[in-house]
Amino acid sequence: MLLHRLRKKATTGVAAEVCVEAEFLAFDQDTLTLEEKVTRYFEQWRDPVHCYVVAAFGDPAEAEDITQEAFLQLYQRMHAGQPVPNVRAWVFRAAHNLAIDRIRSHQFVELLDEEGWEGLRQTLADAAQNQEQRLLQLEKFSRLRVAIARLTMPERQCLHLRTKGLRYREIAEILNLGPSTIAETLYRVIDKLTQENNG
């Protein structure tokens, strides 16, 4: 029942999604049922978690299943009375672990495919650019794609979690690494991407 409601809420109008973050910050957790709390968490963090799983591991359909399963696990944990002090980090960690489990069982497919990259490139295109500027941007984007493909899985995971606004401490918790390791990894990622972009 909860999963059905989560799916239904995730497909509601854009205007409702825009208001969710501000509304979520103001809700009083003591007045909501457990199902309402998890639904609000789902509404707020579904897209960032889904994008992380797609970007870090691949296949959007698998990522959708993993995202929903992570929130279902959150509900089950909270229903059992187990504390979740940092819900956002916990959900990202659950999704990460579920994706790793799928990879280990060879049920998870490849990184973003050609169509996905093309869609991403088109969303970043600037209509005000002239033909030469568009070509330069396309060349830079191609170099970025190559650079990201050369990153190791932990490097990609750190990068994508950081782009979702998570702090080093939260990324460390999700990936089960130390914050200093996360900082070093991100510095290395930035260096690799910069070298490839300038190369």
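Bear in mind that the values in this text are calculations on the coordinates, not laboratory data. As the structure is a prediction and not an experimental result, all values here were calculated from the model. Cβ: placed from backbone, ideal geometry, glycine included. Neighbour counts: every protein chain shown.
Here the spin labels are modelled as points 7 Å beyond Cα on the Cα-Cβ line, and at Asn176 and Arg77 they lie 1.3 nm apart. As a calculated quantity, the FRET efficiency between Cys51 and Glu139 at R0 = 25 Å, using C-beta atoms, amounts to about 0.50. Remark: the Asp126-Ile190 segment gains 20.6 nm on full extension, using 0.36 nm per residue and subtracting the alpha carbon distance.
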